[in-house]
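Every number in this text was worked out from the coordinates using simple rules, so none of it is lab data. Just so it is clear, the model here is predicted, and its values are computed rather than measured. Glycine also receives a Cβ, built like all others from the backbone with ideal geometry; neighbour counts cover every protein chain displayed.
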Amino acid sequence: MKPEEFEQEVRKGDVGPLYYIYGDESYLVERGVRLLMAAAVAPDFREFNLNVYYGTEAMAEEIVETAQTLPMFAERRVVLVRKGSALSAAAIEVLSGYIQDPSPSTCLIFQGEKVDQRKKFFLDLKKNGRLVEYKRLYENQLGPFIRSEAAAYGKRVDQAAQEMLVHLIGNNLQELSTQIEKVATFIGVKGAITVDDVRQAASDTKVDTVFDLANAFGDKDMVKALRRLHTMLRDGEAPLMILSMLTRHFRQLRIVRELLEKKMPPQEISKAAGINPYFINGVIAQAKNYRLQEFHPVFEKLYATDLALKTSGGRPQDLMERLAMDICSKT
């Protein structure tokens, strides 16, 4: 079942007896579970009608017994099994009997990371309940998420502000949600979040540091790039996150450089490259620092650094500093 269909169904108050909510986007999985729990049992009755177990330690017999217990003072009991992917084969076998004939007065929710839909347990669960998968969002899917998070605070988000949030944070939904909440609080009664609001409200100097690093690489300013890298790594930023941001930046620079070669004016480049006019002049200036044939070796260096970081091929700070020196060299 698609997440959109699941959420629409739950918001209408249509709550079934059996769910497995899973996926590689933990923030959305957790949000989906909370949405379902809110619809299934009112907060005032959760003390008597909400039971939480963990697949790493719970006894399947206890889960089944609780799920078969009638609710108290409420229409429905909720049984949540977190870390469902950690359930043992023996536990799944015990639970299989219940899955085939779930109690109509209980909403049994499994929360996990992945499922094998070829197995009988999940085939039965799909037949008698709902399998809901939340996949990690691609960058081009983040706009609706940002807008919906801002709408929860009664705010709109300018396109340039959306792009800055994506450029700053990428597809880390938990961090995006945190920053949107922070900006929404910062602007008070104002209805729209602008790019300047994001700059001012984001934690510490993170926005400026991230953009300074990208600009330093774009300008081939090795000293500045090394200084910004040191600051970000010292402050606990993940090297892979920094690398992802740099890769995204160089993809933009390559596209813009290709369009410059075609003598396209800035307005048309902005539209063709999908870059907000707010940023386009700076991106064009940086793209001019690289010949078109330079981008292939740049991406090779980015890929090699990514591989080394993921395979413990060296000290992360050394790998990132070497990348800066290789790319920002003006030879």
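So which GluC sites (Glu not before Pro) in the range 228-331 pass both tests, a DSSP loop state and at most 11 other Cβ atoms within 10 Å of the Cβ? Show your work: numbers first, answer last.
Working: sites: E237, E258, E261, E268, E294, E300, E321; in loops: E237.
In loop regions of the range 228-331 (DSSP not H, G, I, E or B), there are no sparsely surrounded GluC sites (Glu not before Pro).
How would you classify the range 67-121 from its alpha-carbon gyration tensor, with a ≥ b ≥ c the square roots of the eigenvalues: rounded for a/c under 1.5, else prolate if a/b is greater than b/c, otherwise oblate?
Details: a/c = 2.47, a/b = 1.80, b/c = 1.37.
The shape class here is prolate.
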Check: Which value at 222 nm does the chain reach when only helices count, each DSSP H run of 4 or more adding -39,500 (n - 2.57), with the total divided by all residues and rounded to the nearest 500 deg cm²/dmol?
Finding: -18000 deg cm²/dmol
Checklist line | Separation in nanometres of the label points that stand 7 Å from Cα toward Cβ, at R34 and E5 | finding: 2.6
Notebook entry, point to check: Given the alpha-carbon gyration tensor of the range 40-131, what are the semi-axes of its equivalent ellipsoid in whole angstrom, ordered largest first, with each equal to the square root of 5 times an eigenvalue?
Noted result: 22, 14, 12
Item checked: Net length gained if the chain between S26 and N281 were fully extended (0.36 nm per residue, minus Cα distance) -> 88.1 nm
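By its C-alpha gyration tensor, with a ≥ b ≥ c as the square roots of the eigenvalues, how is the range 91-148 shaped: rounded for a/c under 1.5, else prolate for a/b larger than b/c, else oblate?
Details: a/c = 3.43, a/b = 2.14, b/c = 1.60.
It is prolate, given that a/c is not under 1.5 and a/b is the larger ratio.
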Check: K120 to T231: FRET efficiency via 1/(1 + (r/R0)^6), r the Cβ-Cβ distance, R0 45 Å, to the nearest 0.05?
Finding: 0.25
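What is the packing order of peptides 307-320, 129-142, taking the mean over residues of other C-beta atoms within 10 Å and listing the highest first?
Details: 307-320: 13.7, 129-142: 16.0.
Taking the mean over residues of other Cβ atoms within 10 Å, the ranking is 129-142, 307-320.
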Next item on the list: Please work out how much length the chain gains when fully extended from M264 to E75, using 0.36 nm per residue of separation minus the C-alpha to C-alpha distance, in nm with one decimal.
Entry: 61.6 nm
Next item on the list: Using a Förster distance of 41 angstrom, determine the FRET efficiency expected from the C-beta separation of E47 and S85, and round it to 0.05.
Entry: 0.90
Next item on the list: Report, in debye and to the nearest 20, how large the dipole of the range 111-239 comes out about its Cα centre when Lys and Arg carry +1 and Asp and Glu carry -1 on their Cβ.
Entry: 720
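Which shape class, rounded, prolate or oblate, goes with the range 163-296 when its Cα gyration tensor gives a ≥ b ≥ c as root eigenvalues, a/c under 1.5 marks rounded, and past that a/b bigger than b/c marks prolate? Intermediate results must be reported in sequence, preceding the final value.
Details: a/c = 2.28, a/b = 1.35, b/c = 1.69.
It comes out oblate by the Cα gyration axes.
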Next item on the list: Please grab the % of Cα pairs in the range 1-60 that end up more than 15 Å from each other.
Entry: 57
Checklist line | Alpha carbon centroid spacing (whole Å) that separates the range 99-160 from the range 175-191 | finding: 25
Margin query: Could you list Y19, Y278 so that the one with the fewest beta carbons within 10 Å of its beta carbon is first and the one with the most is last?
Written below: Y278, Y19
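Cβ under 10 Å from A216's Cβ, A216 left aside: what net charge do those residues give with Lys, Arg +1 and Asp, Glu -1?
Numbers: positive: K220, K224, R227, R228; negative: D212, D219, D221.
My count for the surroundings of A216 gives +1.
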